[in-house]
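The values are calculated or read from the model by the stated rules, or taken from the named source; none is laboratory data. These numbers were taken from a predicted model, which means no experiment stands behind them. A quick note on method: Cβ atoms are made from the backbone with ideal geometry, for glycine too, and the neighbour counts reach across all protein chains shown. We work out accessible area using only protein heavy atoms, side chains counted, and drop any ligands, DNA or RNA first. Shrake-Rupley method; radii C 1.70, N 1.55, O 1.52, S 1.80 Å.
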Amino acid sequence: MKGSLYTLIYAAVVGIVCAATLTFAANFCRPYREKNEAAEKQINILLALNVPFDVDATADELLQIFDANIKQVEQNGMAIYNYEVNGKLDSLAVEFIGPGRNATVKGFLALEPDRKTIKGITFYQQEETPGLGGEIITAEFRDRFKGKSIYDEKGEPGFVVKKNADKLKNGVNAISSATQTCDKLGIMLTETLKSLSQEQVDE
Amino acid sequence: MSKDAKSCGSCGTCGCGGKGLTTLKEGAWSQNPLAIQVLGICSALAVTSKLENSLVMGAALIFVCVGSNFFVSILRNNIPHRIRMIVEVAIIATFVILFDQILKAFYWDMSKQLGPYVALIITNCIVMGRAEAFALQNPPMLSIIDGFANGLGYAGILAAIAIFRELTGFGTIMGYEILAKDWYTPNQIMSSAPGAFFTLGIVIAIFNAIKGPDAMEGK
């Protein structure tokens with residue numbers, strides 16, 4: 001029994017020491033990490049909307065640029081980010097979130113003021129396989145979305161990310177060997193676009 | 001002590017208790033964890049599509065291996081035998097999460113690229129293997145050398161695979177274009193999983209050809 005007690009105490013001490021170390025590290029890193037995450041989100045809204053900004057800007061400078069250019073409106077619980085130039089709507093962005101192949105994918109889709117044409121797309125959180133599904137963050141892939149419609153030939157809102165889908169009004173070619181990521185991206189975009197066009201009806 | 005009497009599984013002829021240089025050479029070269037023992041290949045297959053990712057992954061493994069080997073070695077004489085693996089995993093996990101936190105705080109872009117693979121170092125057989133096979137039987141300084149050597153061996157092979165895969169799969173090295181897109185069509189099989197298997201096999205074959213047959217293999 002003496003051995004068991006020693007084992008128990010030993011396990012408890014190791015557990016407490018490890019937990020304390022990690023708690024300290026997490027607390028120490030938290031402000032940096034949160035700043036990175038917030039800046040990441042803002043950078044992506046700015047990028048999606050094509051707002052000019054300095055890439056090397058600090059997190060605080062970004063916040064200023066962001067506040068000066070972007071107006072956030074809530075519609076039916078969906079945040080819409082309006083970019084106005086001289087009081088005129090230049091473009092708007094909506095966030096899309098959905099399950100990817102490995103983990104949650106989050107990003108922004110920017111639309112022209114007509115709310116029909118895609119201006120740009122960015123991803124600010126994804127854990128898709130590096131080199132495969134992870135390639136969704138490359139400029140080459142994201143450029144495929146520019147100028148595409150968010151309505152299909154029948155006028156239904158949605159988007160397709162599949163092989164040879166660039167022939168469609170509302171589709172782009174998938175990344176080869178990243179079929180699952182691309183399929184799921186198509187699904188999450190379609191869901192977002194459906195609720196976006198739903199809101200237009202409600203207005 | 002009975003623990004010391006056990007021959008340490010993976011280093012065979014045994015550099016245990018020997019000189020640091022022997023330990024360094026065994027970990028990084030003659031008992032290379034990836035090329036000779038073929039351990040930890042899961043992450044080696046996953047992160048080697050780009051050289052930059054592989055280097056950070058190698059650095060992470062060196063950090064974790066050195067840290068966990070050091071602490072397991074310090075505690076080796078009083079860890080209750082029955083829970084020694086749990087203690088080892090707790091120590092390893094602590095170091096992995098530390099590294100992950102540091103990446104997220106100060107190297108945000110790299111952390112985004114590597115995604116889940118940093119956290120998966122916890123399950124990397126090399127780290128656990130060195131703690132079990134080496135750090136439990138050897139003094140702290142020698143264990144640090146062993147951790148570093150094995151981390152280095154892993155990082156070296158990873159870099160070799162990544163250079164080959166990035167060059168053939170993307171035409172770039174560290175993101176700089178080497179093979180111009182005008183005449184070179186990136187071979188996409190090299191950037192996807194099968195390419196990793198081919199390259200790993202080729203790299204191991206070349207490594208073994210250079211190293212020559214081991215004394216152990218004659219047995």
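Overview of results
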quantity: Among the candidates B:Gly9, B:Gly58, B:Gly15, B:Gly20, residue that is of a type in the set (Gly, Ala, Ser), modelled with pLDDT under 90 and open to solvent by less than 10 Å² (accessible area, probe 1.4 Å); calculated: B:Gly15
quantity: Residue count for the range B:169-210, restricted to those that are within 19 Å of A:Leu132 (Cα to Cα), part of a helix (DSSP H, G or I) and open to solvent by 30 Å² or more (accessible area, probe 1.4 Å); calculated: 7
quantity: Within the range B:30-46, considering residues that are within 16 Å of B:Phe134 (Cα to Cα) and open to solvent by 10 Å² or more (accessible area, probe 1.4 Å), the one farthest from the other protein chains (Cβ to nearest Cβ); calculated: B:Ser30
quantity: Filtered residues of the range A:14-46 (kept if more than 10 Å from chain B (Cβ to nearest Cβ), of a type in the set (Val, Ile, Thr) and either under 14 Å from B:Ile86 (Cα atoms) or touching a strand residue (DSSP E or B) at 6+ places or on another chain (Cβ under 9 Å) (or both)); calculated: A:Ile16, A:Ile43, A:Ile45
quantity: Scan of the range A:159-178 for residues that are within 14 Å of another protein chain (Cβ to nearest Cβ) and surrounded by 14 or more Cβ atoms within 10 Å (Cβ to Cβ), ordered by number; calculated: A:Asn173, A:Ala174, A:Ile175, A:Ser176, A:Ser177, A:Ala178
quantity: Condition met for B:Ile144 (at negative phi, of a type outside the set (S, T, N, Q), at pLDDT 90 or above and crowded, with 18+ Cβ neighbours inside 10 Å); calculated: yes
quantity: Search result, residues across the range A:1-57 that are modelled with pLDDT under 85, of a type in the set (Phe, Trp, Tyr) and under 21 Å from B:Val96 (Cβ atoms); calculated: none
quantity: Enumerated strands (runs of 3 or more DSSP E) restricted to the range A:95-203, each holding at least 1 residues that are within 30 Å of B:Val118 (Cβ to Cβ) and either in contact with a Phe, Trp or Tyr (Cβ under 8 Å, 6 or more places away or on another chain) or touching a residue at least 40 places away in the same chain (Cβ under 8 Å) (or both); calculated: A:104-111, A:118-125
quantity: Residue match in the range B:106-123 (condition: among the hydrophobic types (A, V, I, L, M, F, W, C) and farther than 25 Å from B:Met174 by Cβ); calculated: yes
